[in-house]
Amino acid sequence: MTEDIGPNPLIINDGEIVKQQKDKIMNYTAKTVSVIPKNNAAAITQYGEAARNGVIKLVGATITFEAKPAD
């Protein structure tokens, strides 16, 4: 499934765009998850260029962010 999306997909939870936090890892649990693949014309038309790398649509998700481990 992850090969269907690019490095920075648009993430939507319950219809709201999730603002990703730079240098943080996003973790989530959700009732349902659907993936729209990268370069999907319908998604780009609906959500704009932000959807070029794909869209991850979550329903009923709890989202947390944590610091990326140091290299």
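Selection of first residues in the range 35-56 that are free of Cβ contacts under 8 Å to residues at least 12 places away in the same chain and at negative phi and of second residues that are part of a loop (DSSP other than H, G, I, E, B) and open to solvent by 60 Å² or more (accessible area, probe 1.4 Å), restricted to Cβ pairs under 8 Å at least 6 apart or on distinct chains, gives the following pairs, ordered by first then second residue: Ile44/Arg52. Checking each residue in the range 57-71 for being touching a residue at least 12 places away in the same chain (Cβ under 8 Å), exposed (fewer than 12 other Cβ atoms within 10 Å of the Cβ) and charged (D, E, K, R) picks out Glu66, Lys68. Of all residue pairs spaced 6 or more apart or on separate chains, those with beta-carbon atoms under 6 Å, a first member in the range 12-28 that is more than 12 Å from Ala50 (Cα to Cα) and a second member that is open to solvent by 80 Å² or more (accessible area, probe 1.4 Å) and part of a strand (DSSP E or B) are Ile25/Glu66.
Taking the range 1-34 as the range and being open to solvent by less than 80 Å² (accessible area, probe 1.4 Å) and over 17 Å from Thr62 (Cα atoms) as the test, the residues that pass are Asp4, Ile5, Gly6, Pro9.
Listed here are the residues, each with its yes/no results for (1) touching a Gly at 6+ places or on another chain (Cβ under 7 Å); (2) at pLDDT 95 or above; (3) in a strand (DSSP E or B).
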| residue | (1), (2), (3) |
| --- | --- |
| Gln21 | no, no, no |
| Asn39 | no, yes, no |
| Gln46 | no, yes, no |
| Leu58 | no, yes, yes |
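The values are calculated or read from the model by the stated rules, or taken from the named source; none is laboratory data. Note that this is a predicted model, so its numbers are computed, not measured. We place every Cβ from the backbone using ideal geometry, glycine too, and count neighbours over all the protein chains shown. Protein only, heavy atoms only, side chains kept; ligands, DNA and RNA dropped before computing areas. Shrake-Rupley method; radii C 1.70, N 1.55, O 1.52, S 1.80 Å.
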